[in-house]
1. Being of a type in the set (A, V, I, L, M, F, W, C) and within 8 Å of the chain's Cα centre (by Cα) is the filter here, so list the residues in the range 31-54 that pass it.
2. Return the pair list, or none, for Cβ contacts closer than 7 Å from residues in the range 5-18 that are closer than 14 Å to M55 by Cβ to residues that are surrounded by 10 or more Cβ atoms within 10 Å (Cβ to Cβ), at least 6 apart or on different chains.
3. I'm trying to understand the selection: among the residues of the range 1-21, which are acidic (D, E) and either surrounded by 10 or more Cβ atoms within 10 Å (Cβ to Cβ) or not in a helix (DSSP H, G or I) (or both)?
4. Give me the pairs, please: first residue somewhere in the range 40-51 and touching a residue at least 12 places away in the same chain (Cβ under 8 Å), second residue anywhere and in a strand (DSSP E or B), beta-carbon distance under 7 Å, and either six or more positions apart or on two chains.
Amino acid sequence: MDFLNDLIREYTSQLNTGRILEACRGVMSFMSDLRTYLTDRYPNYVTGSMYLGYMDMTYFCFFPLRLERSET
């Protein structure tokens with residue numbers, strides 16, 4: 001358990017330097033701009049809400065409008 005506590009302390013220390021949060025904001029900004037670009041550039045496609053998951057996973061759905069309207 002001491003090892004986990006050391007890792008948590010190191011993680012907190014890294015967060016406090018601001019570099020990790022700055023990187024996360026950069027990724028979120030890029031993904032938001034990409035989503036906006038795709039929405040404007042491809043009007044026949046649907047872009048869903050952006051999922052702001054963990055620091056290593058952010059995504060949104062992007063698919064043709066005809067798939068949304070298709071009957072199953």
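Just so you know, all these numbers are worked out from the coordinates, no wet-lab data involved. Just so it is clear, the structure is predicted and the values come from calculations on it, not from any experiment. Note: ideal-geometry Cβ built from the backbone for every residue, glycine included; neighbour counts use all protein chains shown.
1. Residues satisfying the conditions are M31, M50, L52.
2. Here the result reads Q14/I20; L15/L21, each pair linking the range 5-18 to a residue that is surrounded by 10 or more Cβ atoms within 10 Å (Cβ to Cβ).
3. The answer is D6, E10.
4. From residues that are touching a residue at least 12 places away in the same chain (Cβ under 8 Å), the pairs are N44/P64; Y45/F62; Y45/F63; Y45/P64; V46/F63; T47/F62; M50/T58.
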